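Beneath this line is the structure, given in structure tokens, with notes to follow.
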Amino acid sequence: MLPPDKLLPETQPVYVQSWIYVFGVATLAALLFVIASGLLLTLMGPAWYHVSSKGHFVNSVHLWSVELFFVFMVVHLWGKFWMAAWRGRRAMTWITGVVSFLTSIGTAFTGYLVQTNFDSQWISSEAKDGLNSVGIGAWFNVTNFGQMLLFHVALLPLVVGFLVAWHIVLVRKRGVVPPLEAQETGAQL
Amino acid sequence: MTTNQTTEHRPTPRQRHQANSIADRPWTGPEREYDLLKEFVIAIVVVGAMVLGLAAVFSSPDEKSLTLKAWSKSTPNDFTATAAAELAGTSVSESELGAPYNTTGGNQKFGPFGLQKAAGVRIPVDSVNNFVITPLSSLPPAAPLSDALTQWKAATAKQQQAWGGAYSDALAEPAADGDPAKVATGDYGPVPVLTASLLGMAQSGALEGVIQGEGGFYTTNYTKSILFLADGAYLEDHAVAEHLGGDQWGMMNETASYPGQSWMWLYSFWYQVEPFKSSGNADALVWVLMMVLSLGFVLVPFLPGVRSLPRWIPIHRRIWKDYYRTQGSSQQ
């Protein structure tokens with residue numbers, strides 16, 4: 001379905017030459033650091049970073065990789081918007097990208113809830129009202145630390161991982177969208 | 001018949017557009033060398049250096065969690081007023097929150113739709129008993145607390161609320177200024193003894209474990225502890241001091257000067273402006289609005305007008321400026 005030369009091609013269309021293309025791969029790179037630092041924190045438990053300088057550093061890596069992940073992803077999304085990158089049967093590529101973004105917000109949010117510090121006390125106290133107001137809080141209880149921890153380290157990362165993988169496969173399958181008004185005319189060839 | 005066949009095989013304008021659209025077909029124009037693997041490795045190295053550098057230089061915030069012990073010791077009057085409000089049934093958790101905790105609070109609505117109420121009481125919280133009476137009942141029976149508990153349990157709900165309400169009002173009087181020692185004489189029943197005992201229990205550090213332990217030996221659910229903490233002013237005062245209040249762009253901020261969840265700016269934004277700011281249904285309104293906007297964001301490729309913005313505002317000319325400059329004057 002997706003041969004290696006399409007998954008990892010050695011050439012790209014001539015128009016794939018802009019700073020904006022960096023942000024997609026930068027988002028992926030940041031996601032790798034988010035996952036790696038998250039796995040290290042998972043090994044030692046949610047309270048480790050309170051009592052260990054090594055744990056605190058890993059927590060810092062987790063925080064900053066998440067911050068960069070979102071910065072890169074937002075620039076990537078804006079870039080794709082102004083490129084109208086959904087053209088040419090690429091709507092699902094856009095949709096998987098946006099849903100990845102929204103799911104990542106939920107994943108990061110549950111991370112803030114399981115910091116086991118003042119911030120998570122306050123955020124859970126505030127967020128419960130919004131979720132309760134539309135009935136979601138009855139099932140997704142932000143003051144239930146155990147439930148949020150499992151959402152953060154298991155369920156939501158799996159969903160994000162699946163969506164990102166799907167998104168990348170679609171990008172490679174459909175190819176990079178050509179510039180608006182591009183034509184395969186003799187002048188260009 | 002012939003006419004019909006001809007019509008069937010004639011491409012529609014949309015099909016003609018798609019057939020002619022370069023975006024629909026694999027690119028057969030000029031290409032350039034592009035090593036994706038190399039690009040990815042460089043990205044990992046550069047992003048890795050940025051992450052490790054930021055972590056090493058700026059670290060990360062970790063302000064210790066608040067405790068009921070610290071609350072009761074640093075602001076005992078606020079703690080006592082909260083305990084009295086629990087007994088009066090006027091605390092936030094009892095009188096305002098509603099579902100999924102209880103049926104005594106108000107529920108928010110979006111127009112005629114009451115999604116909060118429809119969800120039902122799935123996480124029951126009985127503020128009077130969970131936060132005050134049950135913890136006090138766990139203490140060794142001794143007067144005057146045992147007598148106060150007996151008197152409280154024997155009274156009707158109406159009488160209990162009257163005692164609690166009267167004591168709450170008395171604490172709020174300017175002459176008392178929240179200090180139980182300055183409260184005027186009145187018919188408060190056992191409430192002053194109950195609140196004073198709860199204050200002592202909290203100051204000893206025993207209350208937190210008892211409230212949390214109501215869920216059993218293993219418990220990872222902090223709903224009751226956080227609801228009780230949030231009923232007082234202590235938690236919010238701390239948050240406001242850390243610029244985390246609802247009218248300070250709330251939880252998208254982070255303690256100290258660290259960047260928080262800035263990606264939630266739009267969600268926080270609505271709470272800062274009318275009609276959401278002063279609406280009793282602000283949460284429901286903002287949530288429904290955000291769900292609609294999120295759906296719109298997902299469906300941008302199909303939204304007339306929105307999907308045409310990139311053509312009308314030619315930012316793509318800057319993104320692909322090399323292409324437009326080098327690949328034919330017909331693009332200009």
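The values are calculated or read from the model by the stated rules, or taken from the named source; none is laboratory data. These figures come from a predicted structure and were not determined experimentally. Quick reminder, even Gly has a Cβ in these numbers, built from the backbone with ideal geometry, and neighbours come from all protein chains shown. The protein model used for the area step is the full one, side chains on, heavy atoms only, and it has no ligands, DNA or RNA in it. Shrake-Rupley method; radii C 1.70, N 1.55, O 1.52, S 1.80 Å.
Return the residues of region B:273-282 that are in a loop (DSSP other than H, G, I, E, B) and within 14 Å of chain A (Cβ to nearest Cβ); say none if nothing qualifies. Spell out the reasoning first.
Within region B:273-282, the subset in a loop (DSSP other than H, G, I, E, B) is B:273-281.
Passing the criteria: B:F276, B:S279, B:G280, B:N281.
Tell me which residues, restricted to region A:44-95, are within 27 Å of A:H152 (Cβ to Cβ) and in a loop (DSSP other than H, G, I, E, B).
Hits for region A:44-95 are A:G45, A:P46, A:A47, A:S52.
For region B:80-105, what are the residues that are within 23 Å of the chain's Cα centre (by Cα) and of a type outside the set (S, T, N, Q)? Full working, then the answer.
Of the residues in region B:80-105, the ones within 23 Å of the chain's Cα centre (by Cα) are B:82, B:86, B:90-105.
Correct list: B:E86, B:V92, B:E94, B:E96, B:L97, B:G98, B:A99, B:P100, B:Y101, B:G105.
Which members of region B:268-302 meet the condition of being more than 30 Å from A:W94 (Cα to Cα) and touching a strand residue (DSSP E or B) at 6+ places or on another chain (Cβ under 8 Å)? I'd like the intermediate steps shown before the answer.
So the first thing to find is which residues in region B:268-302 are more than 30 Å from A:W94 (Cα to Cα), and the list is B:272-282.
Across region B:268-302, the qualifying residue is only B:N281.
Of the residues B:L229, B:L266, only one is under 18 Å from B:E63 (Cα atoms) and either under 18 Å from the mean Cα position of the chain (by Cα) or surrounded by fewer than 21 Cβ atoms within 10 Å (Cβ to Cβ) (or both); which?
Numbers: B:L266 fails: under 18 Å from B:E63 (Cα atoms).
Only one candidate qualifies: B:L229.
Kindly evaluate B:Y234 against the criterion of being within 30 Å of B:K153 (Cα to Cα) and in contact with an Asp or Glu (Cβ under 7 Å, 6 or more places away or on another chain). Quick ask: steps written out before the conclusion?
Details: within 30 Å of B:K153 (Cα to Cα): yes; in contact with an Asp or Glu (Cβ under 7 Å, 6 or more places away or on another chain): yes.
For B:Y234, the condition - within 30 Å of B:K153 (Cα to Cα) and in contact with an Asp or Glu (Cβ under 7 Å, 6 or more places away or on another chain) - is met.
Given the conditions (1) within 7 Å of another protein chain (Cβ to nearest Cβ); (2) under 23 Å from A:F72 (Cα atoms); (3) hydrophobic (A, V, I, L, M, F, W, C), which single one is not true for A:V14?
It is condition (2) that A:V14 fails.
Please return the ranges of helices (runs of 4 or more DSSP H) entirely within region B:33-137 where 1 or more residues are within 11 Å of another protein chain (Cβ to nearest Cβ), of a type in the set (V, I, T) and touching a residue at least 12 places away in the same chain (Cβ under 8 Å). Write out each step before concluding.
Numbers: elements: B:36-58, B:68-74, B:76-88, B:92-95, B:115-119, B:134-137.
By residue number, B:92-95.
Filter region B:158-182 for residues that are outside any helix (DSSP H, G or I), open to solvent by less than 60 Å² (accessible area, probe 1.4 Å) and either among the charged types (D, E, K, R) or modelled with pLDDT of 95 or more (or both) and give the result.
Taking region B:158-182 as the starting set, the residues that turn out to be outside any helix (DSSP H, G or I) are B:173-179.
Restricting the remaining residues to those that are open to solvent by less than 60 Å² (accessible area, probe 1.4 Å) gives B:176, B:178-179.
Within region B:158-182, just B:D179 meets the criteria.
Condition first: open to solvent by 20 Å² or more (accessible area, probe 1.4 Å) and more than 30 Å from B:G165 (Cβ to Cβ). Can you find one or more residues in region B:117-126 that meet it?
Yes, the conditions are met somewhere in region B:117-126.
From the list B:R325, B:R317, B:R311, B:R307, which residue is in a helix (DSSP H, G or I), more than 10 Å from every other protein chain (Cβ to nearest Cβ) and within 30 Å of B:G29 (Cα to Cα)? Can you show your working first?
Numbers: B:R317 fails: more than 10 Å from every other protein chain (Cβ to nearest Cβ); B:R311 fails: more than 10 Å from every other protein chain (Cβ to nearest Cβ); B:R307 fails: more than 10 Å from every other protein chain (Cβ to nearest Cβ).
Checking each option against the conditions leaves just B:R325.
Out of (1) open to solvent by 10 Å² or more (accessible area, probe 1.4 Å); (2) over 30 Å from B:W27 (Cβ atoms); (3) of a type in the set (A, V, I, L, M), the odd one out for A:A127 is which?
Condition not satisfied by A:A127: (1).
Given (1) within 7 Å of chain B (Cβ to nearest Cβ); (2) outside any helix (DSSP H, G or I); (3) surrounded by fewer than 21 Cβ atoms within 10 Å (Cβ to Cβ), identify the lone condition not met by A:F140.
(1)
Do the conditions hold for A:V99, that is, is it facing chain B (nearest Cβ under 8 Å), under 18 Å from B:F297 (Cβ atoms) and touching a residue at least 40 places away in the same chain (Cβ under 8 Å)? Reasoning before the result, please.
Values: facing chain B (nearest Cβ under 8 Å): yes; under 18 Å from B:F297 (Cβ atoms): yes; touching a residue at least 40 places away in the same chain (Cβ under 8 Å): yes.
Considered against the rule, which asks whether it is facing chain B (nearest Cβ under 8 Å), under 18 Å from B:F297 (Cβ atoms) and touching a residue at least 40 places away in the same chain (Cβ under 8 Å), A:V99 comes out as yes.
Quick one: A:L77 ticks every box in (1) buried (at least 22 other Cβ atoms within 10 Å of the Cβ); (2) under 23 Å from B:G260 (Cβ atoms); (3) more than 8 Å from chain B (Cβ to nearest Cβ); (4) of a type in the set (A, V, I, L, M, F, W, C) bar one, so which box is it?
If we test A:L77 against (1) buried (at least 22 other Cβ atoms within 10 Å of the Cβ); (2) under 23 Å from B:G260 (Cβ atoms); (3) more than 8 Å from chain B (Cβ to nearest Cβ); (4) of a type in the set (A, V, I, L, M, F, W, C), just (1) comes out false.
With the requirement that a residue be touching a residue at least 40 places away in the same chain (Cβ under 8 Å) and part of a helix (DSSP H, G or I), what does region B:183-200 give you?
Result: B:V191, B:V193, B:L194, B:T195, B:A196, B:S197, B:L198, B:L199.
All but one of (1) more than 30 Å from B:I319 (Cα to Cα); (2) part of a helix (DSSP H, G or I); (3) open to solvent by 10 Å² or more (accessible area, probe 1.4 Å) hold for A:Q115; state the number of the condition that does not hold.
A:Q115 satisfies every listed condition except (2).
Answer with yes or no whether A:G106 is in a helix (DSSP H, G or I), more than 8 Å from chain B (Cβ to nearest Cβ), more than 26 Å from B:N107 (Cβ to Cβ) and open to solvent by 10 Å² or more (accessible area, probe 1.4 Å).
Details: in a helix (DSSP H, G or I): yes; more than 8 Å from chain B (Cβ to nearest Cβ): yes; more than 26 Å from B:N107 (Cβ to Cβ): no; open to solvent by 10 Å² or more (accessible area, probe 1.4 Å): yes.
So A:G106 does not fit the description; no.
Consider region B:247-263. How many of its residues are closer than 17 Å to A:G106 by Cα, more than 7 Å from chain A (Cβ to nearest Cβ) and open to solvent by 20 Å² or more (accessible area, probe 1.4 Å)?
Result for region B:247-263: 3.
Would you confirm, using the coordinates I've provided, whether B:L52 is outside the structural domain of B:D322 (by TED's automatic domain parsing), at pLDDT 80 or above and open to solvent by 60 Å² or more (accessible area, probe 1.4 Å)?
Numbers: outside the structural domain of B:D322 (by TED's automatic domain parsing): yes; at pLDDT 80 or above: yes; open to solvent by 60 Å² or more (accessible area, probe 1.4 Å): yes.
Against the criterion (outside the structural domain of B:D322 (by TED's automatic domain parsing), at pLDDT 80 or above and open to solvent by 60 Å² or more (accessible area, probe 1.4 Å)), B:L52 qualifies.
Matching residues to (1) assigned by TED's automatic domain parsing to the domain that holds B:G106; (2) in contact with a Ser or Thr (Cβ under 6 Å, 6 or more places away or on another chain); (3) without any contact (Cβ under 8 Å) to a residue 24 or more places away in the chain:
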site: B:F228; (1), (2), (3): yes, no, no
site: B:G246; (1), (2), (3): no, no, no
site: B:T255; (1), (2), (3): no, no, no
site: B:Y267; (1), (2), (3): no, no, yes
